[in-house]
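The structure under discussion appears below in the form of C-alpha coordinates.
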Amino acid sequence: MKWAITGGGGQLARSLADLLDKQGFTYRSWGKHELDITNPDSPESIVDFAPKVLVNCAAWTNVDGAETNFEEALSVNRDGARNMALAARKLDIPLIHISTDYVFSGSSEKPWTADDKTNPSSKYGESKLQGEIAMQEAWLDKSLILRTAWLYGPYGKNFAKTIIKKALVSKDEVRVINDQKGQPTTTSDLASKILEIVNSRIASGIYHGTNSGEATWWEFARELFALSGESVERVTPVTSDQFPSPVKRPAYSVLDHSMWDKVGLSPMRDWRDALQEIYPAIRAEVEKELSNG
(Lines give C-alpha, C1' and ligand atoms only; values in the text may rest on other atoms or scores of the structure.)
Protein backbone atom coordinates (compact mmCIF):
# COMPACT_ATOMS: atom_id res chain seq x y z
CA MET A 1 0.00 0.00 0.00
CA LYS A 2 1.38 3.37 -1.05
CA TRP A 3 0.88 6.25 1.41
CA ALA A 4 0.86 10.03 0.96
CA ILE A 5 1.53 12.32 3.94
CA THR A 6 1.26 16.10 4.06
CA GLY A 7 2.88 18.31 6.68
CA GLY A 8 5.97 16.13 6.40
CA GLY A 9 8.17 18.37 8.54
CA GLY A 10 5.87 18.14 11.54
CA GLN A 11 6.31 15.90 14.55
CA LEU A 12 3.43 13.54 13.77
CA ALA A 13 4.31 13.13 10.09
CA ARG A 14 7.89 12.31 10.99
CA SER A 15 6.83 9.68 13.52
CA LEU A 16 4.42 8.21 10.96
CA ALA A 17 7.21 8.08 8.39
CA ASP A 18 9.42 6.25 10.91
CA LEU A 19 6.69 3.67 11.44
CA LEU A 20 6.08 3.19 7.72
CA ASP A 21 9.82 2.72 7.19
CA LYS A 22 9.86 -0.02 9.83
CA GLN A 23 6.83 -1.69 8.28
CA GLY A 24 8.28 -1.54 4.78
CA PHE A 25 5.56 0.63 3.23
CA THR A 26 6.11 2.87 0.22
CA TYR A 27 5.23 6.48 0.97
CA ARG A 28 5.91 10.08 0.12
CA SER A 29 5.90 12.77 2.79
CA TRP A 30 5.67 16.37 1.58
CA GLY A 31 6.88 19.28 3.69
CA LYS A 32 5.15 22.65 3.36
CA HIS A 33 7.84 23.93 0.99
CA GLU A 34 7.36 20.89 -1.25
CA LEU A 35 3.57 20.88 -1.25
CA ASP A 36 1.48 23.91 -0.34
CA ILE A 37 -1.91 22.42 0.46
CA THR A 38 -3.51 25.87 0.19
CA ASN A 39 -2.67 25.97 -3.52
CA PRO A 40 -5.73 25.01 -5.61
CA ASP A 41 -3.40 22.88 -7.77
CA SER A 42 -2.08 20.88 -4.80
CA PRO A 43 -4.53 17.98 -5.29
CA GLU A 44 -2.88 17.24 -8.64
CA SER A 45 0.45 16.48 -6.94
CA ILE A 46 -1.29 13.91 -4.77
CA VAL A 47 -3.19 12.46 -7.73
CA ASP A 48 0.01 12.14 -9.77
CA PHE A 49 1.62 10.13 -6.98
CA ALA A 50 -1.46 7.85 -6.90
CA PRO A 51 -1.37 6.70 -3.25
CA LYS A 52 -3.85 4.28 -1.71
CA VAL A 53 -4.27 6.39 1.43
CA LEU A 54 -3.73 10.07 2.24
CA VAL A 55 -2.93 11.40 5.73
CA ASN A 56 -3.26 15.16 6.14
CA CYS A 57 -0.92 16.23 8.94
CA ALA A 58 -0.43 19.71 7.50
CA ALA A 59 -1.90 22.46 9.67
CA TRP A 60 -1.56 25.98 10.97
CA THR A 61 -0.66 25.22 14.59
CA ASN A 62 0.25 28.67 15.93
CA VAL A 63 -2.68 28.99 18.33
CA ASP A 64 -1.89 32.55 19.45
CA GLY A 65 -1.00 33.65 15.92
CA ALA A 66 -4.37 32.57 14.56
CA GLU A 67 -6.03 35.33 16.59
CA THR A 68 -4.42 38.01 14.44
CA ASN A 69 -3.85 35.96 11.28
CA PHE A 70 -7.21 34.25 11.02
CA GLU A 71 -7.40 34.28 7.22
CA GLU A 72 -4.00 32.62 6.97
CA ALA A 73 -5.05 29.99 9.51
CA LEU A 74 -8.25 29.38 7.53
CA SER A 75 -6.28 29.07 4.33
CA VAL A 76 -4.32 26.13 5.74
CA ASN A 77 -6.78 24.54 8.15
CA ARG A 78 -9.96 24.94 6.09
CA ASP A 79 -9.00 25.42 2.44
CA GLY A 80 -6.05 23.05 2.66
CA ALA A 81 -8.22 20.37 4.21
CA ARG A 82 -10.75 20.80 1.40
CA ASN A 83 -8.02 20.49 -1.22
CA MET A 84 -6.80 17.25 0.30
CA ALA A 85 -10.36 15.94 0.38
CA LEU A 86 -10.70 16.75 -3.31
CA ALA A 87 -7.52 14.82 -4.05
CA ALA A 88 -8.74 11.82 -2.08
CA ARG A 89 -12.13 11.97 -3.81
CA LYS A 90 -10.53 12.04 -7.24
CA LEU A 91 -8.48 8.96 -6.34
CA ASP A 92 -11.36 7.33 -4.43
CA ILE A 93 -9.06 6.65 -1.45
CA PRO A 94 -9.34 7.06 2.33
CA LEU A 95 -8.33 10.40 3.82
CA ILE A 96 -7.27 10.67 7.46
CA HIS A 97 -7.32 14.26 8.64
CA ILE A 98 -5.76 15.34 11.94
CA SER A 99 -7.91 17.72 13.98
CA THR A 100 -7.90 18.97 17.56
CA ASP A 101 -9.60 19.21 20.94
CA TYR A 102 -9.82 22.98 20.35
CA VAL A 103 -13.02 22.47 18.35
CA PHE A 104 -14.74 22.19 21.76
CA SER A 105 -15.27 25.01 24.24
CA GLY A 106 -13.12 23.37 26.92
CA SER A 107 -15.84 23.98 29.50
CA SER A 108 -16.98 20.55 30.64
CA GLU A 109 -16.73 18.15 33.54
CA LYS A 110 -16.82 14.94 31.51
CA PRO A 111 -14.83 13.73 28.49
CA TRP A 112 -15.92 15.17 25.16
CA THR A 113 -17.61 12.62 22.89
CA ALA A 114 -17.13 12.63 19.11
CA ASP A 115 -20.66 13.88 18.58
CA ASP A 116 -20.71 16.53 21.32
CA LYS A 117 -21.55 20.03 20.16
CA THR A 118 -18.51 21.92 18.90
CA ASN A 119 -18.00 25.46 20.14
CA PRO A 120 -14.41 26.66 19.77
CA SER A 121 -13.27 29.51 22.00
CA SER A 122 -10.35 30.53 19.77
CA LYS A 123 -9.73 31.46 16.15
CA TYR A 124 -7.42 28.47 15.87
CA GLY A 125 -10.18 26.14 17.04
CA GLU A 126 -12.61 27.77 14.64
CA SER A 127 -10.22 27.29 11.72
CA LYS A 128 -9.81 23.60 12.56
CA LEU A 129 -13.57 23.15 12.89
CA GLN A 130 -14.06 24.78 9.50
CA GLY A 131 -11.53 22.30 8.14
CA GLU A 132 -13.53 19.36 9.48
CA ILE A 133 -16.69 20.73 7.85
CA ALA A 134 -15.01 21.50 4.52
CA MET A 135 -13.41 18.07 4.36
CA GLN A 136 -16.64 16.24 5.04
CA GLU A 137 -18.51 18.34 2.49
CA ALA A 138 -15.92 17.52 -0.18
CA TRP A 139 -15.36 13.81 0.56
CA LEU A 140 -17.64 12.27 3.14
CA ASP A 141 -17.55 8.65 1.95
CA LYS A 142 -13.97 7.79 2.92
CA SER A 143 -12.89 10.65 5.18
CA LEU A 144 -11.92 10.07 8.77
CA ILE A 145 -11.31 12.90 11.24
CA LEU A 146 -8.89 12.06 14.03
CA ARG A 147 -8.94 14.63 16.83
CA THR A 148 -5.88 14.69 19.02
CA ALA A 149 -4.46 16.86 21.81
CA TRP A 150 -1.31 17.62 23.78
CA LEU A 151 0.83 15.94 21.14
CA TYR A 152 4.52 15.40 21.81
CA GLY A 153 7.44 13.25 20.69
CA PRO A 154 11.14 13.43 19.77
CA TYR A 155 10.67 15.74 16.78
CA GLY A 156 9.99 19.45 16.50
CA LYS A 157 8.99 21.70 19.37
CA ASN A 158 6.63 20.51 22.08
CA PHE A 159 5.93 20.76 25.79
CA ALA A 160 7.74 17.56 26.77
CA LYS A 161 10.99 18.57 25.10
CA THR A 162 10.83 22.04 26.64
CA ILE A 163 10.35 20.63 30.14
CA ILE A 164 13.10 18.02 29.77
CA LYS A 165 15.50 20.77 28.67
CA LYS A 166 14.60 22.82 31.73
CA ALA A 167 15.11 19.76 33.93
CA LEU A 168 18.56 19.09 32.52
CA VAL A 169 20.13 22.52 32.11
CA SER A 170 19.47 24.14 35.48
CA LYS A 171 18.28 23.60 39.03
CA ASP A 172 15.79 26.46 38.93
CA GLU A 173 12.12 26.29 39.78
CA VAL A 174 9.84 25.55 36.81
CA ARG A 175 6.34 27.05 36.96
CA VAL A 176 3.67 25.01 35.15
CA ILE A 177 -0.06 25.52 34.73
CA ASN A 178 -2.21 23.27 36.90
CA ASP A 179 -5.75 24.32 35.98
CA GLN A 180 -5.90 22.90 32.45
CA LYS A 181 -6.57 19.18 32.09
CA GLY A 182 -6.01 16.98 29.05
CA GLN A 183 -4.36 13.87 27.67
CA PRO A 184 -0.65 13.93 26.83
CA THR A 185 -0.38 11.96 23.58
CA THR A 186 2.74 10.59 21.94
CA THR A 187 3.31 10.96 18.22
CA SER A 188 4.41 7.33 18.03
CA ASP A 189 1.18 6.03 19.57
CA LEU A 190 -0.92 8.22 17.28
CA ALA A 191 1.07 7.04 14.26
CA SER A 192 0.42 3.44 15.30
CA LYS A 193 -3.29 4.20 15.63
CA ILE A 194 -3.33 5.69 12.13
CA LEU A 195 -1.76 2.52 10.74
CA GLU A 196 -4.28 0.40 12.65
CA ILE A 197 -7.14 2.50 11.26
CA VAL A 198 -5.96 2.01 7.69
CA ASN A 199 -5.36 -1.71 8.11
CA SER A 200 -8.76 -2.18 9.76
CA ARG A 201 -10.63 -0.22 7.07
CA ILE A 202 -12.98 1.27 9.64
CA ALA A 203 -15.88 3.47 8.67
CA SER A 204 -15.52 7.15 7.94
CA GLY A 205 -16.44 9.50 10.74
CA ILE A 206 -14.95 11.32 13.71
CA TYR A 207 -12.68 9.59 16.24
CA HIS A 208 -10.60 10.76 19.18
CA GLY A 209 -6.91 9.91 18.97
CA THR A 210 -5.45 10.63 22.38
CA ASN A 211 -3.73 8.51 24.98
CA SER A 212 -6.03 7.41 27.80
CA GLY A 213 -6.14 8.85 31.30
CA GLU A 214 -5.84 12.53 32.10
CA ALA A 215 -3.44 15.02 33.64
CA THR A 216 -2.79 18.69 34.10
CA TRP A 217 0.26 20.27 32.52
CA TRP A 218 1.81 20.36 36.00
CA GLU A 219 1.23 16.63 36.52
CA PHE A 220 2.67 15.93 33.08
CA ALA A 221 5.75 18.03 33.88
CA ARG A 222 6.29 16.20 37.18
CA GLU A 223 6.34 12.87 35.34
CA LEU A 224 8.90 14.27 32.92
CA PHE A 225 11.08 15.50 35.78
CA ALA A 226 10.85 12.14 37.54
CA LEU A 227 11.92 10.28 34.40
CA SER A 228 14.78 12.77 34.01
CA GLY A 229 16.02 11.90 37.50
CA GLU A 230 15.31 15.38 38.79
CA SER A 231 13.35 16.47 41.86
CA VAL A 232 9.66 16.90 41.10
CA GLU A 233 9.55 19.52 43.86
CA ARG A 234 11.15 21.92 41.39
CA VAL A 235 7.89 21.90 39.42
CA THR A 236 5.59 24.55 40.91
CA PRO A 237 1.86 24.65 40.10
CA VAL A 238 0.42 27.96 38.89
CA THR A 239 -2.87 29.12 37.37
CA SER A 240 -3.53 30.09 33.76
CA ASP A 241 -3.94 33.76 34.62
CA GLN A 242 -0.29 33.82 35.66
CA PHE A 243 0.60 33.16 32.00
CA PRO A 244 -1.35 35.83 30.06
CA SER A 245 -2.31 34.76 26.54
CA PRO A 246 -4.40 36.24 23.72
CA VAL A 247 -6.18 32.88 23.55
CA LYS A 248 -8.43 31.27 26.10
CA ARG A 249 -6.99 27.77 26.42
CA PRO A 250 -9.47 24.93 27.03
CA ALA A 251 -9.69 24.16 30.74
CA TYR A 252 -10.87 20.61 30.08
CA SER A 253 -9.61 18.83 26.96
CA VAL A 254 -10.15 15.19 27.92
CA LEU A 255 -11.59 13.32 24.92
CA ASP A 256 -13.92 10.34 25.09
CA HIS A 257 -12.82 7.13 23.34
CA SER A 258 -16.08 5.20 23.10
CA MET A 259 -16.12 5.35 19.28
CA TRP A 260 -13.30 2.81 19.18
CA ASP A 261 -15.47 0.15 20.81
CA LYS A 262 -18.11 0.69 18.13
CA VAL A 263 -15.65 -0.24 15.39
CA GLY A 264 -13.97 -3.08 17.27
CA LEU A 265 -10.70 -1.32 18.10
CA SER A 266 -9.09 -0.60 21.45
CA PRO A 267 -8.53 2.93 22.74
CA MET A 268 -4.96 4.17 22.92
CA ARG A 269 -3.10 3.17 26.11
CA ASP A 270 -2.61 5.24 29.25
CA TRP A 271 -0.44 8.30 28.73
CA ARG A 272 1.99 7.34 31.49
CA ASP A 273 2.79 4.00 29.82
CA ALA A 274 3.27 5.74 26.49
CA LEU A 275 5.52 8.37 28.07
CA GLN A 276 7.77 5.79 29.71
CA GLU A 277 8.30 4.08 26.37
CA ILE A 278 9.03 7.17 24.30
CA TYR A 279 11.00 9.10 26.94
CA PRO A 280 14.47 7.72 25.99
CA ALA A 281 14.02 8.82 22.35
CA ILE A 282 12.86 12.29 23.40
CA ARG A 283 15.72 12.70 25.86
CA ALA A 284 18.26 11.59 23.25
CA GLU A 285 16.93 14.22 20.86
CA VAL A 286 16.97 16.89 23.58
CA GLU A 287 20.57 16.08 24.48
CA LYS A 288 21.52 16.26 20.80
CA GLU A 289 19.91 19.67 20.47
CA LEU A 290 21.62 20.92 23.63
CA SER A 291 25.01 19.74 22.40
CA ASN A 292 24.47 21.53 19.09
CA GLY A 293 23.75 24.75 20.95
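The values are calculated or read from the model by the stated rules, or taken from the named source; none is laboratory data. Keep in mind that this is a model prediction, so the values were computed, not measured. With ideal geometry, Cβ positions are generated from the backbone for all residues, glycine too; neighbour counts draw on all protein chains shown. Calculation scope for accessible area: heavy atoms of the full protein, side chains included, ligands and nucleic acids excluded. Shrake-Rupley method; radii C 1.70, N 1.55, O 1.52, S 1.80 Å.
Quick notes
- Span from the segment 171-200 Cα centroid across to the segment 1-80 one, whole angstrom: 20
- Per residue, the solvent-accessible area of the chain (1.4 Å probe, heavy atoms of protein chains only, all protein chains present) comes to 45 Å².
- Measuring nothing but how far apart in sequence close Cα pairs (under 8 Å, 6+ apart) lie, relative to its length, segment 140-269 scores a relative contact order of 36 percent.
- Cα gyration tensor shape for segment 131-258, rounded if a/c is under 1.5, else prolate or oblate: prolate
- With all protein chains modelled, accessible area of Val232 [1.4 Å, Å²]: 30
- Net charge of neighbours whose Cβ lies under 9 Å from the Cβ of Trp3, counting Lys and Arg as +1 and Asp and Glu as -1: +3
- Normalised by residue number, the volume inside the convex hull of the Cα atoms of segment 1-77 is 79 Å³ per residue.
- Taking the 1.4 Å solvent-accessible surface of segment 214-293 as the whole, the part contributed by carbon and sulfur is 50%.
- Computed in the context of the full set of protein chains, the accessible area of segment 1-113 at 1.4 Å probe radius has 45% of its extent on carbon or sulfur.
- The local environment of Thr236, defined by Cβ-Cβ distances under 14 Å, has a net charge of -1 under the rule Lys, Arg +1 and Asp, Glu -1.
- Dividing the C-alpha radius of gyration of the chain by 2.2 N^0.38 Å, with N its residue count, gives 0.98.
- Of the trypsin sites (Lys or Arg not before Pro) in segment 119-217, the ones in a loop by DSSP (not H, G, I, E or B) with at most 12 other beta carbons within 10 Å are Lys157, Lys171, Arg201.
- Near Ala114: Cβ cut-off under 9 Å, other residues only, Lys/Arg at +1 and Asp/Glu at -1. The net charge is -2.
- In percent, rounded to a whole number, the relative contact order of segment 29-113 is 39, using alpha-carbon pairs under 8 Å and six or more apart.
- Each eigenvalue of the Cα gyration tensor of segment 4-43, multiplied by 5 and square-rooted, gives one semi-axis; in descending order these are 21, 11, 6 Å.
- Cα convex hull of segment 41-186 - mean projected area over all directions, nm²: 10.6
- DSSP loop GluC sites (Glu not before Pro) with at most 13 other Cβ within 10 Å excluded, longest remaining stretch of the chain: 174-293
- Summary of the geometry: segment 102-118 and segment 215-293, compared by the centres of their Cα atoms, lie 20 Å apart.
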